[in-house]
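Q: The structure follows.
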């Protein structure tokens, strides 16, 4: 008599389970949307990190802008801090030599140098950055009133002496270096990085493959050599590798050779050599080196408060490769075979 009871219990279990099995069929319940029950929850689209206007690299902080005059002769090399610069300008100075102006914002190295004296061309370049902190060591007496009226915060060695120090192992005047934290502390209202006209992205169509490209000044020569392994143009000056004090050869993914009108200014050095005035406003031609190619380009900058816009001959944006940019202000016109 126990067996029938066990069968009855089993049959009862089947009777109970049957309705549940019916509910798991592919037929939707009345009034239900079959897709609503099975669709996964929508995922929020991640917001892309904003790119830094000086380098095109995402995620970099738009800190206050620090512009610094850096020595560029063999006596002052290797320079310290250039590897961290967002933009490096090469300017012609007296006797056909060159000097650099380094622009820092996304990366601020602890120390920079050798810091040298300002030139009139600097004062025409910096207004596009708003009102940056400007580090330099001295200037011609006639220039001092112009500096005082310029769009910058003066953090020179005479205005912020505590930020500067003499580097052991070097000799004057090539041994003056500066602590960047102390420089920026003296310019708490310095303008943060903003658009200066640069665009970054894919290269345009065309371009001439180049392994080397040279720019000559009356008493200096730069050569830029493409390194596929490094993904940048390595720099030689006067036939020597341009090395950084931090180690390694200087170089950048993008080199802009900007051909400008350069003329004699009203200033001169103690040897009576005239100071060139580099005109960085107006329009002109350029060569943009990126990705192992040279691209013909045009540049324009309407006023000193405006950024410099680079375009292709067709009028499209001339994109730079993301990363550090060197702007070589040169007087000679480009020749690409």
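Q: Sort 163-171, 128-136, 90-98 by packing, meaning the average of other beta carbons within 10 Å per residue, with the highest value first.
A: Output ranking for 163-171, 128-136, 90-98: 128-136, 90-98, 163-171.
Q: Please report, for the Cα atoms of region 66-330, the Rg to one decimal and the Dmax as a whole number; what are they, in angstrom?
A: That works out to 17.5, 52 Å for Rg and Dmax.
Q: Something else now. Name the shape class, rounded, prolate or oblate, that the alpha-carbon gyration tensor gives for region 239-304, where a ≥ b ≥ c are the square roots of its eigenvalues, rounded holds for a/c under 1.5, and otherwise prolate holds if a/b is larger than b/c and oblate otherwise.
A: oblate
Q: Going by how many other Cβ atoms sit within 10 Å of their own, how do 115, 309, 88 line up, fewest first?
A: Final ranking by Cβ density, sparse to dense: 309, 88, 115.
Q: Ok, one more. Measuring from centroid to centroid over Cα atoms, what is the spacing of region 153-211 and region 270-337 in Å?
A: When both Cα centres are located, 19 Å separates them.
Read-outs throughout are calculated quantities, based only on the coordinates presented, and are distinct from any laboratory measurement. All values derive from a computational prediction rather than experimental measurement. Every residue, glycine as well, gets a Cβ built from its backbone with ideal geometry; the counts of neighbours run over all protein chains shown.
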